[in-house]
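First up is the structure itself, then whatever we jot down about it.
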Amino acid sequence: MTRHDSMTRHDAHEAPSWAPGRVNGLRASAFGAVTMLLAEYCLGVWVNLHAQLPASDHGTGLLTAFGRALADGPVTLALHALLGTLLLITAIGIILHAARARNTASTVIAVIAFLAVAGAWISGARFVGSQSSSASFGMAAATAIAVLGYVTILFLPARRAE
């Protein structure tokens, strides 16, 4: 058996590159992310309107602000911070799903949505440390970009027509 024969035999047993099951998993993950983002947005609005953030958090760095949000902040702020962190993990998982599905458009959009989620997380930590309106707007705008990205993934075709 030649090297060419073994490669041909191996290639014949590979799954198609568009892997429909993987695309369905990607879409389910994207839908889950949209749901989480909407819950996160509502929690953020609640915190912004009703929660009193401790004055001792003013001027803290990103990780210190995150830690204090979990340890010393109101329950809704702690839930908001935890859900935001889960969204970061989910966003990384969606990038991996898109890459395994070999869907370039979904992968690019997933990376952009991840960057938006990361930007919202950073803005949230800045908000705890500064309570600035620009940090609050940054969270909202980044959330909108992430939602748009994941909704777009839901509507992308599974593969190109050949």
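The values are calculated or read from the model by the stated rules, or taken from the named source; none is laboratory data. Keep in mind it's a predicted model, so treat the numbers as computed, not measured. Here Cβ is always computed from backbone atoms with ideal geometry, including for glycine, and neighbour counts include all displayed protein chains.
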The condition of being in contact with a Leu (Cβ under 7 Å, 6 or more places away or on another chain), part of a helix (DSSP H, G or I), within 18 Å of Gly124 (Cα to Cα) and not aromatic (Phe, Trp, Tyr) holds, among Ala81, Ala105, only for Ala81
Please determine whether any residue of region 121-139 is under 13 Å from the mean Cα position of the chain (by Cα), surrounded by fewer than 20 Cβ atoms within 10 Å (Cβ to Cβ) and without any contact (Cβ under 8 Å) to a residue 12 or more places away in the chain. no
Which one of these is modelled with pLDDT under 95, of a type in the set (A, V, I, L, M) and under 22 Å from Ser134 (Cβ atoms): Ala81, Ala118? Ala81
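Yes/no per residue for (1) in contact with a Cys (Cβ under 6 Å, 6 or more places away or on another chain); (2) at pLDDT 70 or above; (3) in a helix (DSSP H, G or I); (4) loosely packed, with under 14 Cβ neighbours inside 10 Å:
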position: Ser17; (1), (2), (3), (4): no, no, no, yes
position: Arg22; (1), (2), (3), (4): no, no, yes, no
position: Ser29; (1), (2), (3), (4): no, yes, yes, no
position: Ala33; (1), (2), (3), (4): no, yes, yes, no
position: Glu40; (1), (2), (3), (4): no, yes, yes, no
position: Leu53; (1), (2), (3), (4): no, yes, no, no
position: Ser56; (1), (2), (3), (4): no, no, yes, yes
The lone exception for Gly119 - which of (1) part of a helix (DSSP H, G or I); (2) within 18 Å of Ala28 (Cα to Cα); (3) not β-branched (Val, Ile, Thr) it fails: (2)
If I ask for residues that are under 17 Å from Leu38 (Cα atoms) and in contact (Cβ under 8 Å) with a residue 24 or more places away in the chain, which ones from region 72-88 would you list? Thr76, Leu77, Leu79, His80, Ala81, Leu83, Gly84, Thr85, Leu86, Leu87, Leu88
Specify which of the listed residues (Ala91, Ala65, Ala69) is in contact with a Lys or Arg (Cβ under 9 Å, 6 or more places away or on another chain) and either in contact (Cβ under 8 Å) with a residue 12 or more places away in the chain or part of a helix (DSSP H, G or I) (or both). Ala65
For region 148-160, does any single residue satisfy the condition of being free of Cβ contacts under 8 Å to residues at least 40 places away in the same chain and surrounded by 19 or more Cβ atoms within 10 Å (Cβ to Cβ)? no
